[in-house]
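Everything on this sheet refers to the single structure shown next.
Values in this text are rule-based calculations from the coordinates and carry no lab data. Here the structure is a predicted model, which is why all the values come from computation and not from measurement. Positions of Cβ are backbone-derived with ideal geometry, glycine not excepted, and every protein chain shown enters the neighbour counts.
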Amino acid sequence: MKDLFGNALLDYQNGNYTEDIMTSTSISDEDILPLPYLFRDFKDMPSLEQKALKLAKGSVLDVGCGTGSHSLFLQEKGLKVKAIDISKGAIEVAKKRKVIYAEEKNVLDETGSFDTILLLMNGTGIFQELIHVSKYLSHLKSLLNLKGQILIDSSDIKYMYEDEDGGFWIDTNSSYYGELDYFLSYKGEEEVPMKWLYLDFETLKMACETVGLKCELVLEGKHFDYLARLIPAEAGIL
Ligand SMILES: C[S@@+](CC[C@H](N)C(=O)[O-])C[C@H]1O[C@@H](n2cnc3c(N)ncnc32)[C@H](O)[C@@H]1O
């Protein structure tokens with residue numbers, strides 16, 4: 001990984017904002033990811049994220065924290081937050097923004113224990129492919145305290161396969177429709193392509209059941225997006 005994402009965040013943080021990140025996927029054309037959005041405060045967050053922040057309690061792990069926007073909000077509310085990200089640049093920015101505990105780390109290398117684990121802005125993306133979902137979910141479960149919770153958002157992107165006649169062009173013989181190749185470029189340079197996973201709620205729920213997590217639908221957004229709350233099955237009724 002070249003960490004162009006992190007470079008872009010650093011440019012913005014350091015007052016060198018001249019252009020945005022460009023993204024595209026295996027099923028969609030080029031799109032702009034505006035850098036200011038990655039520095040959003042509570043009032044500019046989607047309602048799913050606002051809801052997740054309201055539900056957060058105790059010690060919090062912010063997975064894939066980016067610039068630390070969610071961490072900062074919770075920290076200011078007095079919660080103890082650890083923010084992690086695989087992007088060196090993102091962690092540098094999170095620290096500059098005064099996230100007290102921010103660390104460059106892959107979630108699979110995390111070993112602490114937490115009351116709330118946050119995965120926001122398509123939190124299932126970091127699972128990359130359907131085949132890895134159980135591995136990530138089991139690991140996340142192992143990081144939870146007894147009454148702990150995972151708050152994660154994603155979208156059912158089936159709508160992206162809809163044609164003008166209302167039919168769907170999903171190839172049922174190929175892999176799960178939410179598995180995308182994700183391409184990012186910044187200032188004309190291309191990042192190494194990544195895998196990025198969108199999970200519909202029912203598929204997430206089924207995967208949770210296989211690893212002993214109960215999955216509750218907390219809130220649905222305006223565009224096939226949702227926030228889910230996962231708790232260890234042994235913790236009892238939701
Ligand atoms: C879509 S961004 C979301 C950033 C932030 N949560 C937000 O809402 O603005 C996803 C973030 O996850 C990070 N990431 C991807 N895979 C990761 C992993 N395995 N462990 C930790 N962070 C990861 C990326 O570097 C990126 O910063």
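Things worth noting here:
- With 10 Å bins from 0: P(r) over segment 36-164, alpha-carbon pairs, percent: 13, 45, 33, 8, 2
- Order of 208, 65 - criterion: other Cβ atoms within 10 Å of each residue's Cβ, fewest first: 208, 65
- Charged neighbours of residue 128, selected by a Cβ distance under 13 Å, balance to -1 (K, R count +1; D, E count -1).
- Equivalent-ellipsoid semi-axes of segment 106-178, from the Cα gyration tensor, Å, largest first: 32, 13, 9
- Residue-averaged 222 nm ellipticity for the chain, from DSSP H runs of 4+ at -39500 (n - 2.57), nearest 500: -6500 deg cm²/dmol
- When only alpha carbons of segment 1-90 are considered, Rg and Dmax amount to 14.3, 42 Å.
- Extension gain, residue 103 to residue 88: 0.36 nm times the residue separation minus the Cα-Cα distance gives 4.5 nm.
- Cα-only Debye scattering, the chain: base-10 log of I(q)/I(0) at q = 0.09, 0.10, 0.13 Å⁻¹: -0.37, -0.46, -0.80
- When +1 charges are put on Lys and Arg Cβ atoms and -1 charges on Asp and Glu Cβ atoms, the dipole computed for the chain relative to its Cα centre reaches about 1620 debye.
- Segment 96-222: C-alpha gyration tensor shape, a/c 1.5 cut-off, then a/b vs b/c: oblate
- Residue 1 sits among other residues whose Cβ lies under 13 Å from its own Cβ, and their net charge, with Lys and Arg +1 and Asp and Glu -1, is -3.
- Evaluated with a Cβ-only charge set (Lys, Arg +1; Asp, Glu -1), segment 53-176 carries a dipole of roughly 1060 debye about its Cα centre, given to the nearest 20.
- Counting only Cα atoms, segment 92-134 measures 36, 22, 17 Å along its principal axes, largest extent leading.
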